[in-house]
Amino acid sequence: HFFAGRFRDAYPHTERAVALGTIENSRQLSGPDKPAAYSRAISATILWMLGAPDQARARSFEAIAMARELGHIQSVVGALVMASSWVLLLLDDRDAIKRALTEAIPAAHEHGLSWWLALGVMAQAYVDIRDASDAAAVARPVGVIEHTLAALHAGGADLGRPIALQMLAEGYRRM
């Protein structure tokens, strides 16, 4: 339901995943994703889409805290990038975004988490667009998003495409 944009339908399923996604359950799983963190990160986006921005912000930070407690680098980077590239961008909380990306981007690079790195780089470029004082200063981060989006698409990774296109639209508008 989530990826189809049916957020009201997705919400109860995500909340069940949040309830089941405990630290103990997540530690028992050997896969790359830890439900304790990811279910909360997805839930944060759904809460935003359902008109609950304060709850979305709180759930984003809960996802990050849960990932840190797990000590699982992919979950930490994923939660930081998901929070910064979705909920915090929508809330326009640039200070929180910058803090999250300052940690996430180098960690993603160091650990070879290329998809998270690409999303983090685009989120940082979008913050740069929002902070730019003139059209010339917007051009560089727009180019970063265009290049990163093209590279993701060439590799068949289009999951972050809609939000990246929104970022580009804002950049083009400001140029």
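The values are calculated or read from the model by the stated rules, or taken from the named source; none is laboratory data. Remember, it's a predicted structure, so these values are computed and weren't measured experimentally. Cβ: placed from backbone, ideal geometry, glycine included. Neighbour counts: every protein chain shown.
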Subset of region 63-96 [in a helix (DSSP H, G or I), under 14 Å from the mean Cα position of the chain (by Cα) and surrounded by fewer than 24 Cβ atoms within 10 Å (Cβ to Cβ)]:
GLN74, TRP86, LEU89, LEU90, LEU91, ARG94, ALA96
Go through region 6-26 and report how many residues are farther than 16 Å from ALA79 by Cβ and modelled with pLDDT under 85.
3
Evaluate the following for LEU91: is it more than 24 Å from ALA150 (Cα to Cα), among the aliphatic types (A, V, I, L, M) and touching a residue at least 12 places away in the same chain (Cβ under 8 Å)?
yes
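Run down LEU152, LEU117, LEU165, LEU159 and say which single residue is of a type in the set (A, V, I, L, M), buried (at least 17 other Cβ atoms within 10 Å of the Cβ) and more than 21 Å from ALA96 (Cα to Cα).
So the residue among LEU152, LEU117, LEU165, LEU159 that is of a type in the set (A, V, I, L, M), buried (at least 17 other Cβ atoms within 10 Å of the Cβ) and more than 21 Å from ALA96 (Cα to Cα) is LEU152.
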